[in-house]
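The values are calculated or read from the model by the stated rules, or taken from the named source; none is laboratory data. This one's a predicted model, so the numbers in the text were calculated from it and none came from an experiment. Using ideal geometry, Cβ is built from the backbone for each residue, glycine included, and neighbour counts are taken over all protein chains shown. Quick note on the areas: whole protein, heavy atoms, side chains included, nothing else; ligands and nucleic acids left out. Shrake-Rupley method; radii C 1.70, N 1.55, O 1.52, S 1.80 Å.
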Amino acid sequence: MASIKDVAAEAGVSVATVSRVLNDHPSVSAEARTRVLAAVETLGYRPNAVARSLRTDQTRTLGLVISDVMNPYFTELARSVEEEARALGYSVIIGNADERPDLQDHHVRTLLDRRIDGLLVSPTDGGSPLMLDAARGGAPMVFVDRWIPGVDVPVVRADGRAAVQDLVAHLHGLGHRRLAIIAGPAATTTGSERVEAFRAALATYGLPLPDAYTGQGDFQAESGRRVMDSFLDLPGPPEVVFAADNLMALGALDAVRARGLRVPDDIALAAFDDIPWFVHTDPPITAIAQPTGELGRAAVRALVDRIEGRPGASVTLPARLVVRRSCGEPASAQSPAAQPPARNRSQS
């Protein structure tokens, strides 16, 4: 197995330069960075982040790598993680992956180098060698919201399948038959799971999900706009679009309004991941709400259990449908729970 010295020799630079490149230090020249990365690729070198994280004493610090700090769901998740960690005597260092595997790996490597006691991660994908090494290498770790299948790490997440079934039943009851989805990245567990749950729910009513009604997004608002535009350009547009996260839903809403159309008069819209903003849109958006605060607190408790030598257990909590008025619902049908998502501080 190649060492960092081998990489330095191959690239014709010092070991310190290789270290700076691997840690994204800005002082390295573009030429040196190119040579080092080429040597890493040629030699198949992979830093042993897990070994670097080994320690003899605790720092009382946890790492949290979230997928997108601009997503209100992850903002609330990070807040609940920080609150629970503080209550248990830990501090939290947060890294924002911005839905990019390379940034995710950068933050994971940096946090392990800082000798944190444990790591919470919402993986951007399941194929990162560094993530797999860290997860399998014995460092205390918990996956939250998303996970890497087949890796023996506790997972704290919401199960949205029943809520998606409730949503499709709700839409079917309103008379909608042409339903489309703006899906999240297939490389993420949440992206693939929500599409399959939607497809299965449609099948219970004998409804198809044509390829033209399946748009690929990336959990970002711009992809929601792009996919909604493609749906509206179809000769037979869908009656309802289900966006598999809140930012894609807001992008889809922007696309509808940009054409001078209205929700739900011209096309209905529903979303996964309820956020406080949805009660203030016109009309308020029907959405699937996750127990975000509970997930964050449960993830911290599971991680601290692992750090302190107790078996950390996986936790799965149910999501729920919140009915508002973006799918053609009468005002009288609006759910009593159609308020900004509660933080549920008192629940465990």
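Ligands, DNA and RNA left out, the 1.4 Å accessible surface of the chain is 52% carbon and sulfur atoms. A 1.4 Å probe run over the chain, with the rest of the protein chains in place, finds 43 Å² accessible per residue. Under a crude label model (7 Å from the Cα following the beta-carbon direction), how far is Tyr205 from Asp159 in nanometres? Reported label-point gap for Tyr205 and Asp159 is 2.3 nm.
For n ≥ 4 DSSP H runs only, could you compute -39500 (n - 2.57) per run for the chain, divide by its residues and tell me the 222 nm figure to the nearest 500?
On the way: 12 runs with 140 residues, N = 348.
The helix contribution divided over the chain gives -12500 deg cm²/dmol.
Counting only DSSP beta bridges with both residues in the chain, what percent are antiparallel, rounded to the nearest 5? Percent antiparallel among DSSP bridges in the chain is about 10. Under 5 Å between amide hydrogens, built in the peptide plane, is the criterion, and for Ala271 it picks out Ala243, Ala287, Ile288 among residues at least 5 positions away or on other chains.
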